[in-house]
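Engineer: Following this message is one structure expressed as C-alpha coordinates.
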Amino acid sequence: MSNAPRIAISRRLRKSPFTSRAMAQGAKAFTVYNHMLLATEFESLEYDYWHLCESVQVWDVGVERQVSIKGPDAGKLVQWMTPRSIEGVADDRCVYLPLADENGKLINDPVGIKIAEDHWWLSVADSDVILWAKGLARGAGLNVIVDEPDVWPLAIQGPDAETLMARVFGDAVKDIRFFRYKRLAYKGHSFIVARSGWSKQGGFEVYVDNVEKGQALYDELFEKGDDLNVRPGCPNLIERLESGLLSYGNDMDSRHSVLESGLGAFISLDKDVDSLSHDALRAEAAKGLSRRLVGLVLPKSDAPMPLAEQPFGTELVEAIPQQNDLGHCLGSQCWSPRYKVQIATAVLEEPLASEASCEVLLADGRTVTAAITSVPFDFEQLGLKAQV
Ligand code: THG
(Lines give C-alpha, C1' and ligand atoms only; values in the text may rest on other atoms or scores of the structure.)
Protein backbone atom coordinates (compact mmCIF):
# COMPACT_ATOMS: atom_id res chain seq x y z
CA MET A 1 0.00 0.00 0.00
CA SER A 2 2.71 2.47 0.93
CA ASN A 3 4.41 1.85 -2.41
CA ALA A 4 1.20 2.23 -4.37
CA PRO A 5 1.38 5.03 -6.92
CA ARG A 6 -0.54 8.15 -5.96
CA ILE A 7 -2.90 10.10 -8.14
CA ALA A 8 -1.89 13.71 -8.70
CA ILE A 9 -4.85 15.89 -7.85
CA SER A 10 -4.66 18.62 -10.47
CA ARG A 11 -7.32 21.18 -11.31
CA ARG A 12 -8.85 18.85 -13.90
CA LEU A 13 -10.01 16.61 -11.07
CA ARG A 14 -12.65 19.01 -9.90
CA LYS A 15 -13.78 19.27 -6.30
CA SER A 16 -17.22 19.76 -4.85
CA PRO A 17 -18.02 22.20 -2.04
CA PHE A 18 -17.74 19.17 0.27
CA THR A 19 -14.46 17.60 -0.89
CA SER A 20 -12.31 19.36 1.71
CA ARG A 21 -14.73 18.25 4.44
CA ALA A 22 -14.63 14.61 3.27
CA MET A 23 -10.83 14.76 3.29
CA ALA A 24 -10.73 16.31 6.76
CA GLN A 25 -13.16 13.61 7.93
CA GLY A 26 -10.76 10.87 6.87
CA ALA A 27 -11.61 9.75 3.33
CA LYS A 28 -8.90 7.18 2.59
CA ALA A 29 -9.31 6.63 -1.13
CA PHE A 30 -10.76 8.51 -4.07
CA THR A 31 -11.69 7.64 -7.61
CA VAL A 32 -12.31 9.95 -10.55
CA TYR A 33 -15.90 10.23 -11.79
CA ASN A 34 -17.16 12.81 -14.27
CA HIS A 35 -13.76 14.52 -14.00
CA MET A 36 -14.28 14.97 -10.26
CA LEU A 37 -13.04 13.35 -7.07
CA LEU A 38 -15.31 10.77 -5.46
CA ALA A 39 -14.39 9.17 -2.15
CA THR A 40 -14.59 5.37 -2.17
CA GLU A 41 -13.59 4.48 1.38
CA PHE A 42 -13.50 6.01 4.86
CA GLU A 43 -12.73 3.54 7.69
CA SER A 44 -12.63 0.47 5.43
CA LEU A 45 -14.96 -0.90 2.76
CA GLU A 46 -16.35 -3.43 5.21
CA TYR A 47 -16.64 -1.09 8.20
CA ASP A 48 -18.37 1.51 6.00
CA TYR A 49 -20.69 -1.22 4.69
CA TRP A 50 -21.96 -2.34 8.11
CA HIS A 51 -22.31 1.23 9.28
CA LEU A 52 -24.37 2.13 6.17
CA CYS A 53 -26.66 -0.85 6.79
CA GLU A 54 -27.16 0.01 10.47
CA SER A 55 -27.06 3.80 10.89
CA VAL A 56 -26.94 6.83 8.61
CA GLN A 57 -24.26 8.35 6.39
CA VAL A 58 -23.82 11.64 4.56
CA TRP A 59 -22.28 11.24 1.11
CA ASP A 60 -20.71 13.91 -1.09
CA VAL A 61 -21.97 12.72 -4.46
CA GLY A 62 -21.30 16.03 -6.20
CA VAL A 63 -19.82 13.89 -9.01
CA GLU A 64 -23.39 13.08 -10.05
CA ARG A 65 -23.38 16.03 -12.45
CA GLN A 66 -26.64 17.50 -13.66
CA VAL A 67 -26.94 17.87 -17.42
CA SER A 68 -29.66 20.48 -17.67
CA ILE A 69 -31.87 20.40 -20.78
CA LYS A 70 -34.19 23.36 -20.95
CA GLY A 71 -36.42 24.85 -23.60
CA PRO A 72 -39.44 24.06 -25.78
CA ASP A 73 -37.74 20.92 -27.19
CA ALA A 74 -36.39 19.60 -23.85
CA GLY A 75 -38.83 16.68 -23.64
CA LYS A 76 -38.19 15.81 -27.28
CA LEU A 77 -34.42 15.66 -26.74
CA VAL A 78 -34.64 13.63 -23.53
CA GLN A 79 -37.03 11.19 -25.23
CA TRP A 80 -34.69 10.93 -28.17
CA MET A 81 -31.87 9.95 -25.82
CA THR A 82 -33.72 7.29 -23.81
CA PRO A 83 -35.72 4.21 -24.83
CA ARG A 84 -37.85 4.64 -21.70
CA SER A 85 -41.09 6.53 -22.31
CA ILE A 86 -41.18 9.86 -20.47
CA GLU A 87 -44.69 10.64 -21.63
CA GLY A 88 -46.90 11.82 -18.80
CA VAL A 89 -44.14 11.81 -16.18
CA ALA A 90 -45.27 14.01 -13.29
CA ASP A 91 -43.45 17.24 -12.39
CA ASP A 92 -42.18 15.92 -9.05
CA ARG A 93 -40.73 12.71 -10.42
CA CYS A 94 -37.27 11.21 -10.67
CA VAL A 95 -36.96 8.47 -13.30
CA TYR A 96 -34.14 6.03 -13.93
CA LEU A 97 -33.36 6.63 -17.61
CA PRO A 98 -30.96 4.38 -19.51
CA LEU A 99 -29.56 6.44 -22.42
CA ALA A 100 -28.68 4.66 -25.64
CA ASP A 101 -27.24 5.46 -29.08
CA GLU A 102 -28.72 4.49 -32.45
CA ASN A 103 -27.38 0.94 -32.03
CA GLY A 104 -28.97 0.52 -28.61
CA LYS A 105 -25.60 0.77 -26.86
CA LEU A 106 -25.56 2.32 -23.43
CA ILE A 107 -24.40 5.95 -23.28
CA ASN A 108 -25.15 6.42 -19.57
CA ASP A 109 -27.81 5.52 -16.99
CA PRO A 110 -28.81 8.74 -15.21
CA VAL A 111 -31.63 9.54 -12.88
CA GLY A 112 -33.78 12.03 -14.79
CA ILE A 113 -35.34 14.75 -12.66
CA LYS A 114 -38.31 16.50 -14.19
CA ILE A 115 -37.93 20.09 -13.04
CA ALA A 116 -40.75 21.50 -15.19
CA GLU A 117 -42.62 20.63 -18.38
CA ASP A 118 -39.80 22.21 -20.43
CA HIS A 119 -36.88 21.42 -18.13
CA TRP A 120 -35.07 18.18 -17.23
CA TRP A 121 -31.93 17.42 -15.28
CA LEU A 122 -30.08 14.23 -16.15
CA SER A 123 -28.11 13.25 -13.04
CA VAL A 124 -25.44 11.36 -14.90
CA ALA A 125 -23.08 8.48 -14.21
CA ASP A 126 -19.49 8.61 -15.45
CA SER A 127 -19.56 9.61 -19.14
CA ASP A 128 -19.74 12.94 -20.98
CA VAL A 129 -23.48 13.08 -21.62
CA ILE A 130 -23.33 16.85 -22.03
CA LEU A 131 -21.33 16.51 -25.28
CA TRP A 132 -23.72 13.92 -26.68
CA ALA A 133 -26.75 16.04 -25.75
CA LYS A 134 -25.27 19.23 -27.19
CA GLY A 135 -24.30 17.42 -30.40
CA LEU A 136 -27.76 15.95 -30.87
CA ALA A 137 -29.43 19.28 -30.14
CA ARG A 138 -27.17 21.15 -32.54
CA GLY A 139 -27.38 18.55 -35.30
CA ALA A 140 -31.16 18.40 -35.17
CA GLY A 141 -31.64 22.14 -34.66
CA LEU A 142 -33.56 21.67 -31.41
CA ASN A 143 -34.64 24.66 -29.36
CA VAL A 144 -32.94 23.81 -26.05
CA ILE A 145 -30.16 25.06 -23.83
CA VAL A 146 -27.88 22.25 -22.63
CA ASP A 147 -25.52 23.04 -19.78
CA GLU A 148 -24.06 21.77 -16.51
CA PRO A 149 -25.33 23.94 -13.65
CA ASP A 150 -23.56 24.33 -10.30
CA VAL A 151 -25.41 21.54 -8.51
CA TRP A 152 -23.76 19.02 -6.20
CA PRO A 153 -26.00 16.26 -4.80
CA LEU A 154 -25.58 15.21 -1.19
CA ALA A 155 -26.95 11.79 -0.28
CA ILE A 156 -28.21 10.87 3.18
CA GLN A 157 -28.41 7.08 3.26
CA GLY A 158 -29.15 4.36 5.78
CA PRO A 159 -32.00 3.22 8.04
CA ASP A 160 -31.80 6.40 10.17
CA ALA A 161 -31.77 8.75 7.16
CA GLU A 162 -35.39 9.77 7.59
CA THR A 163 -34.98 10.55 11.29
CA LEU A 164 -31.95 12.73 10.58
CA MET A 165 -33.50 14.49 7.59
CA ALA A 166 -36.69 15.26 9.57
CA ARG A 167 -34.58 16.97 12.24
CA VAL A 168 -33.12 19.29 9.60
CA PHE A 169 -35.93 19.76 7.07
CA GLY A 170 -38.97 18.93 9.24
CA ASP A 171 -41.55 16.18 8.96
CA ALA A 172 -42.30 17.09 5.32
CA VAL A 173 -39.50 14.71 4.27
CA LYS A 174 -41.59 11.80 5.54
CA ASP A 175 -44.19 12.46 2.84
CA ILE A 176 -41.70 12.22 -0.02
CA ARG A 177 -42.33 8.93 -1.82
CA PHE A 178 -39.63 6.81 -3.50
CA PHE A 179 -38.21 8.57 -6.58
CA ARG A 180 -40.29 11.70 -5.94
CA TYR A 181 -39.03 15.07 -4.80
CA LYS A 182 -40.18 18.15 -2.91
CA ARG A 183 -38.69 21.62 -2.73
CA LEU A 184 -37.90 22.21 0.92
CA ALA A 185 -36.54 25.35 2.56
CA TYR A 186 -33.31 25.36 4.53
CA LYS A 187 -32.07 28.70 5.91
CA GLY A 188 -34.38 30.45 3.46
CA HIS A 189 -33.13 28.56 0.39
CA SER A 190 -35.32 26.07 -1.46
CA PHE A 191 -33.56 22.75 -2.18
CA ILE A 192 -34.79 19.84 -4.27
CA VAL A 193 -34.98 16.88 -1.87
CA ALA A 194 -35.69 13.43 -3.36
CA ARG A 195 -36.18 10.03 -1.79
CA SER A 196 -33.47 8.26 -3.77
CA GLY A 197 -29.80 7.37 -3.61
CA TRP A 198 -27.32 4.78 -4.71
CA SER A 199 -27.90 2.23 -1.96
CA LYS A 200 -30.77 -0.03 -0.99
CA GLN A 201 -30.69 1.10 2.65
CA GLY A 202 -33.17 3.92 2.04
CA GLY A 203 -32.57 7.63 2.14
CA PHE A 204 -32.61 10.98 0.39
CA GLU A 205 -30.67 13.13 -2.03
CA VAL A 206 -30.46 16.90 -1.69
CA TYR A 207 -29.56 18.71 -4.92
CA VAL A 208 -27.31 21.41 -3.48
CA ASP A 209 -27.31 24.50 -5.72
CA ASN A 210 -26.01 27.00 -3.18
CA VAL A 211 -22.49 26.58 -1.81
CA GLU A 212 -22.84 28.51 1.43
CA LYS A 213 -26.20 27.04 2.45
CA GLY A 214 -25.12 23.61 1.26
CA GLN A 215 -22.02 23.63 3.43
CA ALA A 216 -24.11 24.78 6.42
CA LEU A 217 -26.51 21.92 5.68
CA TYR A 218 -23.62 19.43 5.52
CA ASP A 219 -22.32 20.57 8.90
CA GLU A 220 -25.77 20.59 10.48
CA LEU A 221 -26.45 17.01 9.35
CA PHE A 222 -23.39 15.96 11.37
CA GLU A 223 -24.34 18.07 14.40
CA LYS A 224 -27.94 16.85 14.49
CA GLY A 225 -26.95 13.26 13.76
CA ASP A 226 -24.38 12.91 16.49
CA ASP A 227 -26.57 10.70 18.70
CA LEU A 228 -27.50 8.63 15.61
CA ASN A 229 -23.82 7.89 15.06
CA VAL A 230 -23.88 9.64 11.68
CA ARG A 231 -20.68 9.19 9.68
CA PRO A 232 -19.29 10.47 6.39
CA GLY A 233 -19.66 7.88 3.65
CA CYS A 234 -19.74 7.27 -0.07
CA PRO A 235 -21.33 4.81 -2.47
CA ASN A 236 -20.17 1.49 -1.05
CA LEU A 237 -18.93 -1.21 -3.43
CA ILE A 238 -20.11 -4.07 -1.21
CA GLU A 239 -23.56 -2.70 -0.48
CA ARG A 240 -24.34 -1.70 -4.05
CA LEU A 241 -23.08 -4.97 -5.54
CA GLU A 242 -24.95 -7.15 -3.00
CA SER A 243 -28.01 -5.01 -3.81
CA GLY A 244 -27.56 -5.32 -7.58
CA LEU A 245 -27.08 -1.60 -8.34
CA LEU A 246 -25.04 -1.41 -11.54
CA SER A 247 -22.18 1.02 -12.08
CA TYR A 248 -21.73 2.36 -15.62
CA GLY A 249 -18.10 1.90 -16.67
CA ASN A 250 -17.59 -0.93 -14.17
CA ASP A 251 -20.33 -3.47 -14.77
CA MET A 252 -21.36 -2.35 -18.26
CA ASP A 253 -20.34 0.42 -20.63
CA SER A 254 -20.69 1.73 -24.19
CA ARG A 255 -19.80 -1.71 -25.64
CA HIS A 256 -23.02 -3.15 -24.22
CA SER A 257 -26.60 -2.63 -25.25
CA VAL A 258 -29.31 -1.64 -22.80
CA LEU A 259 -30.75 -5.16 -23.05
CA GLU A 260 -27.41 -6.93 -22.62
CA SER A 261 -26.89 -4.79 -19.51
CA GLY A 262 -30.09 -6.22 -18.01
CA LEU A 263 -31.94 -2.90 -18.06
CA GLY A 264 -34.85 -4.14 -20.18
CA ALA A 265 -37.28 -3.60 -17.30
CA PHE A 266 -36.59 0.14 -17.36
CA ILE A 267 -37.37 0.78 -21.04
CA SER A 268 -40.59 0.89 -23.07
CA LEU A 269 -40.14 -1.16 -26.24
CA ASP A 270 -43.87 -1.82 -26.40
CA LYS A 271 -44.62 1.90 -26.80
CA ASP A 272 -44.01 3.90 -29.97
CA VAL A 273 -41.70 6.52 -28.54
CA ASP A 274 -39.45 8.73 -30.65
CA SER A 275 -36.17 7.40 -29.33
CA LEU A 276 -32.91 7.01 -31.26
CA SER A 277 -32.34 3.47 -30.04
CA HIS A 278 -35.85 2.08 -30.38
CA ASP A 279 -35.50 0.27 -33.71
CA ALA A 280 -32.14 -1.25 -32.79
CA LEU A 281 -33.37 -2.46 -29.41
CA ARG A 282 -36.59 -3.89 -30.83
CA ALA A 283 -34.57 -5.77 -33.44
CA GLU A 284 -32.20 -7.05 -30.78
CA ALA A 285 -35.08 -8.20 -28.57
CA ALA A 286 -36.68 -10.03 -31.52
CA LYS A 287 -33.43 -11.74 -32.49
CA GLY A 288 -32.49 -12.74 -28.94
CA LEU A 289 -29.45 -11.63 -26.96
CA SER A 290 -26.01 -12.95 -27.84
CA ARG A 291 -24.58 -12.00 -24.42
CA ARG A 292 -25.89 -10.92 -21.03
CA LEU A 293 -24.79 -9.36 -17.78
CA VAL A 294 -24.81 -12.02 -15.06
CA GLY A 295 -23.75 -12.43 -11.45
CA LEU A 296 -20.96 -14.79 -10.43
CA VAL A 297 -20.70 -16.35 -6.99
CA LEU A 298 -17.52 -18.16 -6.05
CA PRO A 299 -17.63 -21.34 -4.01
CA LYS A 300 -17.39 -20.91 -0.26
CA SER A 301 -14.03 -22.60 0.04
CA ASP A 302 -12.48 -19.84 -2.02
CA ALA A 303 -13.19 -17.13 0.51
CA PRO A 304 -10.27 -14.74 0.38
CA MET A 305 -8.45 -13.53 3.42
CA PRO A 306 -10.53 -11.04 5.40
CA LEU A 307 -10.79 -7.77 3.51
CA ALA A 308 -9.00 -5.89 6.26
CA GLU A 309 -5.90 -7.96 5.56
CA GLN A 310 -5.93 -7.51 1.81
CA PRO A 311 -3.27 -5.13 0.59
CA PHE A 312 -5.61 -3.09 -1.60
CA GLY A 313 -8.75 -3.61 -3.55
CA THR A 314 -10.90 -6.63 -3.95
CA GLU A 315 -9.76 -8.23 -7.18
CA LEU A 316 -9.79 -11.96 -6.69
CA VAL A 317 -11.21 -13.13 -10.03
CA GLU A 318 -8.89 -12.31 -12.93
CA ALA A 319 -10.51 -13.81 -16.00
CA ILE A 320 -13.16 -16.15 -17.36
CA PRO A 321 -11.09 -18.68 -19.36
CA GLN A 322 -14.13 -19.86 -21.36
CA GLN A 323 -14.58 -16.31 -22.72
CA ASN A 324 -10.98 -15.90 -23.88
CA ASP A 325 -11.09 -12.10 -23.68
CA LEU A 326 -8.28 -11.14 -21.27
CA GLY A 327 -10.77 -10.40 -18.54
CA HIS A 328 -12.60 -7.66 -20.42
CA CYS A 329 -15.97 -9.27 -19.74
CA LEU A 330 -15.43 -8.95 -15.99
CA GLY A 331 -17.25 -6.25 -14.08
CA SER A 332 -17.08 -5.37 -10.40
CA GLN A 333 -16.28 -7.79 -7.63
CA CYS A 334 -16.08 -7.82 -3.87
CA TRP A 335 -16.22 -10.01 -0.80
CA SER A 336 -19.74 -10.19 0.57
CA PRO A 337 -19.49 -10.07 4.36
CA ARG A 338 -23.19 -10.92 4.65
CA TYR A 339 -23.12 -14.10 2.56
CA LYS A 340 -19.42 -14.90 3.06
CA VAL A 341 -18.66 -15.39 -0.62
CA GLN A 342 -16.82 -13.46 -3.33
CA ILE A 343 -19.32 -12.00 -5.82
CA ALA A 344 -18.76 -10.45 -9.24
CA THR A 345 -20.54 -9.33 -12.37
CA ALA A 346 -19.58 -10.27 -15.91
CA VAL A 347 -21.05 -9.95 -19.38
CA LEU A 348 -21.01 -13.52 -20.73
CA GLU A 349 -21.63 -14.72 -24.26
CA GLU A 350 -24.44 -17.17 -24.88
CA PRO A 351 -24.73 -20.08 -24.42
CA LEU A 352 -22.34 -19.76 -21.46
CA ALA A 353 -24.47 -16.98 -19.88
CA SER A 354 -27.37 -19.44 -19.57
CA GLU A 355 -25.31 -22.21 -17.98
CA ALA A 356 -25.48 -22.78 -14.22
CA SER A 357 -21.75 -22.24 -13.74
CA CYS A 358 -18.49 -21.30 -15.41
CA GLU A 359 -14.78 -21.48 -14.70
CA VAL A 360 -13.00 -18.47 -13.28
CA LEU A 361 -9.27 -17.86 -13.06
CA LEU A 362 -8.22 -16.45 -9.70
CA ALA A 363 -5.42 -14.02 -8.97
CA ASP A 364 -3.45 -16.80 -7.25
CA GLY A 365 -3.47 -18.87 -10.45
CA ARG A 366 -6.12 -21.41 -9.46
CA THR A 367 -9.17 -22.10 -11.63
CA VAL A 368 -12.43 -22.70 -9.76
CA THR A 369 -16.07 -23.11 -10.72
CA ALA A 370 -18.36 -20.14 -10.01
CA ALA A 371 -22.15 -20.25 -9.97
CA ILE A 372 -23.88 -18.03 -12.56
CA THR A 373 -26.89 -16.13 -11.26
CA SER A 374 -29.05 -13.11 -11.99
CA VAL A 375 -28.35 -9.51 -11.03
CA PRO A 376 -29.60 -8.58 -8.45
CA PHE A 377 -27.98 -11.72 -7.05
CA ASP A 378 -30.34 -14.53 -6.18
CA PHE A 379 -28.54 -15.71 -3.05
CA GLU A 380 -31.50 -17.82 -1.96
CA GLN A 381 -31.58 -19.81 -5.19
CA LEU A 382 -27.93 -20.64 -4.58
CA GLY A 383 -28.75 -21.85 -1.07
CA LEU A 384 -26.91 -18.96 0.58
CA LYS A 385 -28.26 -17.39 3.75
CA ALA A 386 -27.21 -14.10 5.32
CA GLN A 387 -24.74 -14.87 8.10
CA VAL A 388 -24.84 -11.99 10.49
N1 THG B 1 -28.55 9.41 -7.81
C2 THG B 1 -28.41 10.50 -8.59
N3 THG B 1 -27.64 10.49 -9.67
C4 THG B 1 -26.95 9.36 -10.00
C5 THG B 1 -27.07 8.20 -9.23
C6 THG B 1 -27.89 8.23 -8.08
N7 THG B 1 -26.16 9.37 -11.10
C8 THG B 1 -25.24 8.28 -11.30
C9 THG B 1 -25.82 6.94 -10.94
N10 THG B 1 -26.41 7.04 -9.59
C11 THG B 1 -26.87 6.56 -11.95
N12 THG B 1 -27.27 5.16 -11.86
C13 THG B 1 -28.31 4.70 -11.07
C14 THG B 1 -28.55 3.34 -11.01
C15 THG B 1 -29.59 2.86 -10.23
C16 THG B 1 -30.36 3.72 -9.50
C17 THG B 1 -30.10 5.06 -9.53
C18 THG B 1 -29.08 5.55 -10.33
C19 THG B 1 -31.49 3.24 -8.65
N20 THG B 1 -32.16 2.15 -9.03
C21 THG B 1 -33.22 1.59 -8.24
C22 THG B 1 -33.20 0.08 -8.43
O23 THG B 1 -32.54 -0.41 -9.32
O24 THG B 1 -33.83 -0.57 -7.61
C25 THG B 1 -34.58 2.15 -8.57
C26 THG B 1 -34.87 2.29 -10.00
C27 THG B 1 -36.35 2.61 -10.26
O28 THG B 1 -37.21 2.03 -9.59
O29 THG B 1 -36.64 3.41 -11.16
O30 THG B 1 -31.82 3.83 -7.64
O31 THG B 1 -28.04 7.27 -7.32
N32 THG B 1 -29.06 11.61 -8.27
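The values are calculated or read from the model by the stated rules, or taken from the named source; none is laboratory data. From a predicted model like this one, the values you see are computed outputs, not experimental measurements. Positions of Cβ are backbone-derived with ideal geometry, glycine not excepted, and every protein chain shown enters the neighbour counts. These area figures cover heavy atoms from the full protein model, side chains too; ligands, DNA and RNA do not enter into them. Shrake-Rupley method; radii C 1.70, N 1.55, O 1.52, S 1.80 Å.
Engineer: Taking strands (runs of 3 or more DSSP E) that fall entirely within the range 9-102, which contain at least 3 residues that are under 17 Å from GLN157 (Cα atoms) and more than 14 Å from the ligand (Cβ to nearest atom)?
Structural biologist: Working: elements: 29-33, 36-41, 57-60, 66-70, 94-96.
Qualifying strands (runs of 3 or more DSSP E): 36-41.
Engineer: Hey, any hits in the range 203-215 for a residue that's crowded, with 19+ Cβ neighbours inside 10 Å, more than 24 Å from THR19 (Cα to Cα) and either under 15 Å from the mean Cα position of the chain (by Cα) or more than 16 Å from the ligand (Cβ to nearest atom) (or both)?
Structural biologist: Among the residues of the range 203-215, not one is crowded, with 19+ Cβ neighbours inside 10 Å, more than 24 Å from THR19 (Cα to Cα) and either under 15 Å from the mean Cα position of the chain (by Cα) or more than 16 Å from the ligand (Cβ to nearest atom) (or both), which makes the answer no.
Engineer: Could you check, for the range 167-180, whether at least one of its residues is in contact (Cβ under 8 Å) with a residue 60 or more places away in the chain, away from the ligand (no atom under 14 Å from the Cβ) and surrounded by fewer than 15 Cβ atoms within 10 Å (Cβ to Cβ)?
Structural biologist: No, the range 167-180 contains no residue that is in contact (Cβ under 8 Å) with a residue 60 or more places away in the chain, away from the ligand (no atom under 14 Å from the Cβ) and surrounded by fewer than 15 Cβ atoms within 10 Å (Cβ to Cβ).
Engineer: In this structure, is ALA29 in contact with an Asp or Glu (Cβ under 7 Å, 6 or more places away or on another chain) and surrounded by fewer than 19 Cβ atoms within 10 Å (Cβ to Cβ)?
Structural biologist: Working: in contact with an Asp or Glu (Cβ under 7 Å, 6 or more places away or on another chain): yes; surrounded by fewer than 19 Cβ atoms within 10 Å (Cβ to Cβ): yes.
It is true that ALA29 is in contact with an Asp or Glu (Cβ under 7 Å, 6 or more places away or on another chain) and surrounded by fewer than 19 Cβ atoms within 10 Å (Cβ to Cβ).
Engineer: Of the residues VAL193, VAL230, which is within 16 Å of the ligand (Cβ to nearest atom) and crowded, with 22+ Cβ neighbours inside 10 Å? So that I can check it myself, show each step before the final result.
Structural biologist: Values: VAL230 fails: within 16 Å of the ligand (Cβ to nearest atom).
Within the list VAL193, VAL230, the selection yields VAL193.
Engineer: Right, another one. Every residue in the range 237-292 that is assigned to a loop (DSSP other than H, G, I, E, B), open to solvent by 60 Å² or more (accessible area, probe 1.4 Å), within 16 Å of the ligand (Cβ to nearest atom) and farther than 30 Å from PHE42 by Cβ, please.
Structural biologist: Hit for the range 237-292 is SER254, nothing else.
Engineer: Go through the range 152-166 and give me each residue that's more than 16 Å from the ligand (Cβ to nearest atom) and within 26 Å of VAL89 (Cβ to Cβ).
Structural biologist: Just the residues of the range 152-166 that are more than 16 Å from the ligand (Cβ to nearest atom), to begin with: 159-160, 162-164, 166.
If the condition is that a residue be more than 16 Å from the ligand (Cβ to nearest atom) and within 26 Å of VAL89 (Cβ to Cβ), then GLU162 is the only one that fits.
Engineer: Being small (Gly, Ala, Ser), within 24 Å of GLY262 (Cβ to Cβ) and outside any strand (DSSP E or B) is true for just one of ALA125, ALA137, ALA133. Which residue is that? Steps first, please.
Structural biologist: Details: ALA137 fails: within 24 Å of GLY262 (Cβ to Cβ); ALA133 fails: within 24 Å of GLY262 (Cβ to Cβ).
Testing whether each residue is small (Gly, Ala, Ser), within 24 Å of GLY262 (Cβ to Cβ) and outside any strand (DSSP E or B) leaves just ALA125.
Engineer: Among the residues of the range 103-117, how many are open to solvent by less than 10 Å² (accessible area, probe 1.4 Å), more than 16 Å from the ligand (Cβ to nearest atom) and under 27 Å from ARG195 (Cβ atoms)?
Structural biologist: 0
Engineer: Got a number for residues in the range 332-355 being under 18 Å from LEU382 (Cβ atoms) and open to solvent by less than 60 Å² (accessible area, probe 1.4 Å)? Don't jump to the end; show me each part of the working.
Structural biologist: We begin by selecting, within the range 332-355, every residue under 18 Å from LEU382 (Cβ atoms); these are 333-346, 348, 352-355.
Going one step further and asking which of them are open to solvent by less than 60 Å² (accessible area, probe 1.4 Å), we end up with 333-339, 341-346, 348, 352-353.
Residues in the range 332-355 being under 18 Å from LEU382 (Cβ atoms) and open to solvent by less than 60 Å² (accessible area, probe 1.4 Å): 16 in total.
Engineer: Do we find that PRO311 is modelled with pLDDT of 95 or more, part of a loop (DSSP other than H, G, I, E, B) and open to solvent by 20 Å² or more (accessible area, probe 1.4 Å) in this structure?
Structural biologist: Details: modelled with pLDDT of 95 or more: no; part of a loop (DSSP other than H, G, I, E, B): yes; open to solvent by 20 Å² or more (accessible area, probe 1.4 Å): yes.
Taking the combined requirement at face value, the residue does not satisfy it.
Engineer: Given the condition among the polar types (S, T, N, Q) and more than 29 Å from TRP335 (Cα to Cα), answer yes or no: does some residue in the range 64-75 qualify?
Structural biologist: Initial filter on the range 64-75 (among the polar types (S, T, N, Q)): 66, 68.
Now drop any that are not more than 29 Å from TRP335 (Cα to Cα), which leaves 66, 68.
Taking every residue of the range 64-75 in turn, at least one turns out to be among the polar types (S, T, N, Q) and more than 29 Å from TRP335 (Cα to Cα).
Engineer: Sticking with this one: Scan (1) within 23 Å of ASN250 (Cα to Cα); (2) touching a Pro at 6+ places or on another chain (Cβ under 8 Å); (3) at pLDDT 95 or above for the single condition GLU46 breaks and write down its number.
Structural biologist: GLU46 satisfies all of (1) within 23 Å of ASN250 (Cα to Cα); (2) touching a Pro at 6+ places or on another chain (Cβ under 8 Å); (3) at pLDDT 95 or above except (3).
Engineer: Quickly run through the range 126-138 and pick out the residues that are open to solvent by 10 Å² or more (accessible area, probe 1.4 Å) and within 16 Å of the ligand (Cβ to nearest atom).
Structural biologist: If the condition is that a residue be open to solvent by 10 Å² or more (accessible area, probe 1.4 Å) and within 16 Å of the ligand (Cβ to nearest atom), then ASP126, SER127, ASP128, ILE130, TRP132 are the ones that fit.
Engineer: Just one of PHE266, PHE222 is of a type in the set (Phe, Trp, Tyr) and touching a strand residue (DSSP E or B) at 6+ places or on another chain (Cβ under 6 Å); which is it?
Structural biologist: Values: PHE222 fails: touching a strand residue (DSSP E or B) at 6+ places or on another chain (Cβ under 6 Å).
Checking each option against the conditions leaves just PHE266.
Engineer: Continuing with the same structure: Checking the structure you have, find out if any residue of the range 173-182 is part of a helix (DSSP H, G or I) and touching a Lys or Arg at 6+ places or on another chain (Cβ under 9 Å).
Structural biologist: So in the range 173-182, the residues part of a helix (DSSP H, G or I) come out as 173-175.
Add one more test, that the residue is touching a Lys or Arg at 6+ places or on another chain (Cβ under 9 Å), and what stays is 173, 175.
The answer is yes; a qualifying residue exists.
Engineer: Take the range 38-64 and flag every residue that is open to solvent by less than 10 Å² (accessible area, probe 1.4 Å) and either closer than 24 Å to ASP147 by Cβ or polar (S, T, N, Q) (or both).
Structural biologist: GLN57, VAL61, GLY62, VAL63
Engineer: Going by the conditions given, is TRP120 open to solvent by less than 60 Å² (accessible area, probe 1.4 Å), within 22 Å of HIS278 (Cα to Cα) and not in a loop (DSSP other than H, G, I, E, B)? If you could, list the steps in order and put the result at the bottom.
Structural biologist: Numbers: open to solvent by less than 60 Å² (accessible area, probe 1.4 Å): yes; within 22 Å of HIS278 (Cα to Cα): yes; not in a loop (DSSP other than H, G, I, E, B): yes.
Here the answer is yes, as TRP120 does meet what is asked.
Engineer: Mind checking which residues of the range 149-166 are open to solvent by less than 60 Å² (accessible area, probe 1.4 Å), over 18 Å from SER199 (Cα atoms) and in a loop (DSSP other than H, G, I, E, B)?
Structural biologist: Matches in the range 149-166: PRO149, VAL151.
Engineer: A further question follows. From LYS200, LYS224, grab the single residue that is open to solvent by 40 Å² or more (accessible area, probe 1.4 Å) and within 16 Å of the ligand (Cβ to nearest atom).
Structural biologist: Sole residue among the options that is open to solvent by 40 Å² or more (accessible area, probe 1.4 Å) and within 16 Å of the ligand (Cβ to nearest atom): LYS200.
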